[in-house]
Amino acid sequence: MKAFIGGFAVAGMMLAGNAMAVDMPAEGKTYCSMCHAIDKKKVGPAWKDVAAKYKGNPDAEKTLIAHITKGGSFGWNIGVMPPRGMGAKDEQIALLAKFILGLK
Ligand code: HEC
């Protein structure tokens, strides 16, 4: 009986773990993932680190949309981001900026 209850707890933890894992939206995979990942640095900064950088900034969304659209360097000292990543459209950039800022 004890083992049975233990098994339940482990299954529950695995479920909770799955619910917390965030996946990149399809737009991000297409236009950004060759340089970005959610929680690790690749060619560009981890998107979680970007969310942390803009935490509490009321202009965060506008700023990110402008940065992603224009490309360039934003103080990470890693390199230069190409405008629109690999060619994302305005509405895709808006969606991705929201997604990035929603990461914790
Ligand atoms: C060719 C590689 C490359 C691609 C593709 C790319 N990025 Fe970047 N990105 C970078 C680099 C490099 C930086 C860091 C620039 C620096 O050193 O400041 C960066 C920085 C950023 C930042 C931080 C901006 C800030 O204000 O701090 C965001 C947000 C971002 N990228 C989003 C995206 C999104 C969304 C896409 C897809 C539409 C994308 N990137 C595609 C290379 C890339």
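The values are calculated or read from the model by the stated rules, or taken from the named source; none is laboratory data. These numbers come from a predicted model, not from an experiment. Cβ: placed from backbone, ideal geometry, glycine included. Neighbour counts: every protein chain shown.
At-a-glance table
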item	result
Unmet criterion (only one of (1) in a loop (DSSP other than H, G, I, E, B); (2) within 11 Å of the ligand (Cβ to nearest atom); (3) of a type in the set (V, I, T)) for T30	(1)
Matching entry among A60, A37, A46 (being in contact (Cβ under 8 Å) with a residue 24 or more places away in the chain and closer than 16 Å to F99 by Cβ)	A60
Filter result for the condition that a residue is surrounded by fewer than 16 Cβ atoms within 10 Å (Cβ to Cβ) and out of contact with any Ser or Thr (no Cβ under 9 Å at 6 or more places or on another chain), over A21, A60, A51	A21
Residue match in the stretch 28-47 (condition: aromatic (F, W, Y) and modelled with pLDDT of 95 or more)	yes
Matching residues, the stretch 22-38, being closer than 18 Å to A51 by Cα and of a type in the set (G, A, S)	G28, S33, A37
